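Taken together, the values in this text are just the output of simple stated rules run on the coordinates, not laboratory data. Being a predicted model, the structure only gives us computed values, none of them experimental. Reconstructed Cβ throughout: ideal geometry from the backbone, glycine too, with neighbour counts over all protein chains shown.
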Amino acid sequence: MLSENDVKVLKAISEGQSDPQSIAEMLLMKVEAVRATADALGDQGLIQVAKSVEEKFSLTEEGIKYAKEGLPERAMLSAIGEGMPMSELKDPSYKIGLGWLRKKGWAAIQAGKIKPLGSAPKGKDEEILQALLAGPKSSADLDKKGLADLKSRGLVASSKSKEWRYEITVEGKKCASHSMGATAVQEMPPLTSDMIKTGQWTEKDGSLYLDYRDSTYCPRPYDVTLAADKIFPGKKHPYQRLIDFMREIMLEMGFVEIKGQIVQSSFWNFDALFQPQDHPAREMQDTFYLDSLADIPDYTRVKEMHECGGGVGSTGWGGCWRPEVARQEVLRTHTTGVTIKYLAEHPEPPVKAFGIDRVYRREAIDATHTPEFEQLEGIVMDRDVTFSHLLGILKEFYAKMGFEEVRFRPGYFPYTEPSVEPEVFIDGLGWVELGGAGVFRKEVTAPFGIEHPVLAWGLGVSRVAMLKLGLKDLRLLYQSDMEWLRSTPVSIKL
């Protein structure tokens, strides 16, 4: 015997209804209840249940722009004409266009010039852009290769939807005609203690029925082996959990957290760290400069250190150090500028501090680079601390992070000597470099009256996140990808 809802849904399907949403609206039922009932009817062979997933693609904001204005490589092809010297390609968008021009075989670099190669027919990616400008399309209607190229460039986004289709079977038609003329058994309401005490339970044809207060009810079988509905509770972002975990480790090791301004003067970001004013790191392609000037402290000793070595056995950089260059404000390119400023304000030992903050550099966005990212930096300044102490601190930190094998190899950094690059062993990847460390040079510490050794080290937090979270694309850390956020378990071992 079928329950009341079974009969209703079976009748609707026998009359030609095939979509759970339309059946739910017709019977004034919840669509979830219709699906559950239909699944039960399908298990009994009374209907056939077909489930499918359709993926549709639409343009991202950048995709809409290129659909209207044309792809960068198309615009660049028009700009170069018969050929253009590479030195004249100063527009940042040309960096994107150049790669795709060569990949598509539209142009080549010859003798320092970018030159077109024959015709450049409209590609499948451009056709897809125009098609999606009118609205979302199913992936089945789009060229796979062109779609893959647009996906890799972040110009299209996908969304998936599930569809159910029901069709009655021969056995279902017989059962429907029989059930329509019979009195249907009511579906079981929530079970109460009175029903258990006073109701009469009977078994017929392998099914259990309850006679209670002049009504007959049929409880629906419950299969404990079926997967439960997925629940997505609120939780902290995986990247933020990793940052908090690092912060806990540093605090447990006795460090004090420090913070600094995102906008820094070139004095603290570069000059105080003994980077010459003509250093390549200061160029526009690496640094975000602002149209503003900052006040800087007494720079006499820093100027002497740059020009002639400041009496610490150094020759300095020579030339003329200019205060107007030091006053230029930038978006900080590292957190070390915050560190040296803190040391200048606390020149007496002991000092044991760390910071986890965002820094900014002019980087092309791809799977492993973003123009803004997080750095973790730590310093120890005390009497008689040595390079060996630094290696011990690093080994302890990485061990607490879960990296069992750590090794060190010599490195070079502008403001530390000696310098070292810590590496950890990752299964499947081998040895991976995870930062840099060293002892601050006297040229850095002497101008601020710091007389004792300063051990310093730092690492890119996002690189650690990629290893710990098993990511191949750094952009996932900053995008609101709900599917990835939901699927990343809270219990993942950091």
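If you place +1 on the Cβ of every Lys and Arg and -1 on the Cβ of every Asp and Glu, how big does the dipole about the Cα centre of the chain come out, in debye to the nearest 20? If you can, show how the numbers build up before the last one.
Values: 62 positive and 72 negative charges, 185 e Å.
Charge dipole, the chain, about its Cα centre: 880 debye, nearest 20.
For the chain, the longest principal axis of the C-alpha atoms and the axis of helix 238-252 are separated by about 50°.
Look at where the Cα atoms of segment 1-15 and of segment 423-494 average out, and the two centres are 60 Å apart. Our summary gives segment 238-487 a relative contact order of 20 percent, counting only alpha carbon pairs under 8 angstrom and 6 or more residues apart.
By how many nm would the segment from residue 133 to residue 52 grow when fully extended, if each residue of separation counts as 0.36 nm and the alpha-carbon distance is taken off? Can you show the working numbers first?
Numbers: separation 81, 0.36 × 81 = 29.16 nm, distance 2.59 nm.
Contour length minus the Cα-Cα distance gives 26.6 nm.
For segment 58-161, a crude dipole built from +1 on the beta carbon of Lys and Arg and -1 on the beta carbon of Asp and Glu, taken about the Cα centre, is about 280 debye to the nearest 20. Taking the longest Cα principal axis of the chain as reference, the axis of helix 124-133 is set at about 70 degrees. Here the relative contact order of segment 337-402, from alpha carbon pairs under 8 Å that lie six or more residues apart, stands at 31 percent. Length gained on full extension, residue 207 to residue 300, computed as 0.36 nm times the residue gap minus the Cα-Cα distance: 24.0 nm. Between residue 144 and residue 312, what's the calculated FRET efficiency when r is the beta-carbon distance and R0 is 60 Å? Round to 0.05. My answer for the efficiency is 0.40. Model label points for residue 480 and residue 387, set 7 angstrom from Cα along the Cα-to-Cβ axis, are 5.0 nm apart. Helix 387-400 axis versus longest C-alpha principal axis of the chain: approximately 10°, rounded to the nearest ten.
The count of lysine pairs in segment 238-487 whose Cα atoms are under 21 Å apart, excluding pairs fewer than 8 places apart on the same chain, comes to 11. Potential lengthening of the chain between residue 240 and residue 367 amounts to 43.8 nm, from the contour at 0.36 nm per residue minus the alpha-carbon distance. Distance from the C-alpha centroid of segment 261-284 to that of segment 28-94: 43 Å, rounded to the whole angstrom. Across segment 386-420, the residues whose backbone nitrogen lies under 12 Å from the label position 7 Å along the beta-carbon direction of residue 431 are 406-411.
By the helix-only formula, in which each DSSP H run with n ≥ 4 contributes -39500 (n - 2.57) and the sum is divided by residues, the chain has a 222 nm mean residue ellipticity of -10000 deg cm²/dmol.
Applying 1/(1 + (r/R0)^6) with r as the Cβ-Cβ distance of residue 395 and residue 161 and R0 = 45 angstrom yields a FRET efficiency of 0.30. With bins 5 Å wide beginning at 0, the percent of Cα pairs of segment 58-161 falling in each bin runs 2, 12, 24, 22, 15, 12, 7, 4, 2, 0, 0. Excluding residues fewer than 8 places away in the same chain, name every one of the lysines whose C-alpha is closer than 17 Å to that of residue 137. Partners found: 56, 124, 145, 151, 160, 162.
Considering all different alpha carbon pairs of segment 238-487, the Kirkwood hydrodynamic radius works out to 19.1 Å.
Between 408, 356, 456, the Cα set farthest toward the positive side of the dipole of the chain (charges on each charged residue's Cβ, about the Cα centre) is that of 408. Measuring max minus min along each principal axis, the C-alpha atoms of the chain give extents of 106, 69, 41 Å (largest first).
Legend: P(r) of segment 414-494 from all alpha carbon pair distances, 5 Å bins from 0, whole percents, reading 3, 12, 17, 16, 12, 11, 10, 8, 7, 3, 1.
Taking only C-alpha pairs under 8 Å that are 6+ residues apart, what is the relative contact order of segment 316-458 in percent? Can you show the working numbers first?
Numbers: 222 pairs, mean separation 31.3, N = 143.
So the answer I get is 22 percent.
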